[in-house]
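Please read the structure below before turning to the comments.
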């Protein structure tokens, strides 16, 4: 019978320097806040109730020196892959009327959301994963980021790569 980890002890591999205490995990020097997909096509009316909480989180992150990164989705006829466009066609959707379409108000940050400051980063993704075909991984690595706080809309689809690739 295989014995599991001892309760209260971290499990670490040879390449892991685990952060185990909350004060380490949320240390502003290596923590980033990702504000994800808070755009008109995702976070209008039904999502509006979360805006004050997100704004409070963003304000607190800024006050404490946490890196704040806004992540948005953008679609266009020139960036969407053929399989993605085929899904539109199979669903009977007009490819000219894309979700969060580039150059339209659909991709704008939702009304009431604190806007990115000039010193903050904005990363636009062209699919669900914020790390695929973007500079997000390099940005976080270059800043020494080891912990993420993720908020916004569609957060479960956004950061597939972080735990497996970036955090090791």
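The values are calculated or read from the model by the stated rules, or taken from the named source; none is laboratory data. Every value quoted in this text rests on a predicted model; they were computed, and no experiment measured them. All Cβ positions, glycine included, derive from the backbone under ideal geometry; neighbour counts span all protein chains shown.
When residue 44 is tested against the conditions (1) at pLDDT 80 or above; (2) within 17 Å of residue 152 (Cβ to Cβ), the lone failure is (1). Restricting attention to the range 55-84, the residues that are touching a residue at least 24 places away in the same chain (Cβ under 8 Å) and under 14 Å from residue 32 (Cα atoms) total 13. Cβ separations smaller than 6 Å between residues 6+ apart or across chains give the following pairs from the range 87-101 residues that are in contact (Cβ under 8 Å) with a residue 24 or more places away in the chain and at positive phi to residues that are outside any loop (DSSP other than H, G, I, E, B) and surrounded by 13 or more Cβ atoms within 10 Å (Cβ to Cβ): 100/39; 100/41; 100/73; 100/75; 100/106; 100/107. Residues in the range 79-125 that are part of a loop (DSSP other than H, G, I, E, B) and within 23 Å of residue 145 (Cα to Cα): 114, 115, 116, 117, 118, 119, 120.
Residues of the range 128-148 being surrounded by fewer than 16 Cβ atoms within 10 Å (Cβ to Cβ) and within 21 Å of residue 42 (Cα to Cα), which ones? 128, 132 - these are the residues of the range 128-148 that are surrounded by fewer than 16 Cβ atoms within 10 Å (Cβ to Cβ) and within 21 Å of residue 42 (Cα to Cα). Report yes if residue 56 is more than 14 Å from residue 127 (Cα to Cα) and touching a helix residue (DSSP H, G or I) at 6+ places or on another chain (Cβ under 6 Å), otherwise no. Answer is no for this residue.
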